[in-house]
Each structure stands twice: as structure tokens, then as C-alpha cells.
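Colleague: Encoded as C-alpha cells, here's the structure I'll be asking about.
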Amino acid sequence: MPRSREDAHSEMEDIRQRANRFQSIFANSTLGIFQSSLEGRFLMVNPAFARILGYDDPEDHGVEFLPPLMNISFWLLVSFDHTFR
């Protein structure tokens, strides 16, 4: 059964609200959050993560300026272990 124009509009508005909520959590979190490629390149980092790495803000230069993580699982494990010692 075809959806009505109102249903489609309501669904799109719901998607926009979810995206805005995610963006707000990502940008305003005090915890460092990032997304990386399988090759270890940063695709997206939040401001808290950039500060952890010693940068002011990832928006200043884009995530391309951040070094690749050669072994991301090892790096995360070492970081986690170091944080909770």
C-alpha cells in the first residue's frame, strides 16, 4: 500500500530529529568518540577526542590531519588499560 505524503514527511522529520540528536551527543560529549576505516584512518572524531590527541578542534583542519592508527585494536586496548590503572 503506498504511503501518504504526510506519512513520508513525518518519517523524514523523525529521521532528521534522530540525526540531530546523534550529532548533539557526538559533538558535546566529554568522552572522546571517533569512527575509523578498516585501514585505521580516522573518518570522524569529536572535539573531546581531538583534545585528547592534543588538537584544538577537528573542524579546524578536518580529520585528515590526524595520524592513522596502525593497529587500532591494540591502541584501544593499551589506552583502556592505561586509563584504568
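The values are calculated or read from the model by the stated rules, or taken from the named source; none is laboratory data. Treat the numbers as computed from the prediction; the structure is a model and nothing was measured. Cβ sites come from the backbone with ideal geometry, for glycine too, and all protein chains shown count toward neighbours.
Colleague: Could you check the range 1-37 and list, in sequence order, the residues that are among the hydroxyl-bearing types (Ser, Thr, Tyr), more than 17 Å from the chain's Cα centre (by Cα) and assigned to a helix (DSSP H, G or I)? Break it down into steps so the answer makes sense when it comes.
Modeller: Taking the range 1-37 first, the residues among the hydroxyl-bearing types (Ser, Thr, Tyr) are 4, 10, 24, 29-30, 36-37.
Now restrict to residues that are more than 17 Å from the chain's Cα centre (by Cα): 4, 10.
Within the range 1-37, 10 is the sole residue that qualifies.
Colleague: If we keep just the residues of the range 1-33 that are at pLDDT 90 or above and either touching an Asp or Glu at 6+ places or on another chain (Cβ under 9 Å) or aliphatic (A, V, I, L, M) (or both), which is farthest from residue 53 (Cα to Cα)?
Modeller: Only one residue tops the list, namely 12.
Colleague: Tell me which residues, restricted to the range 49-62, are surrounded by fewer than 17 Cβ atoms within 10 Å (Cβ to Cβ) and either assigned to a helix (DSSP H, G or I) or modelled with pLDDT under 75 (or both).
Modeller: 51, 52, 57, 59, 60, 61, 62
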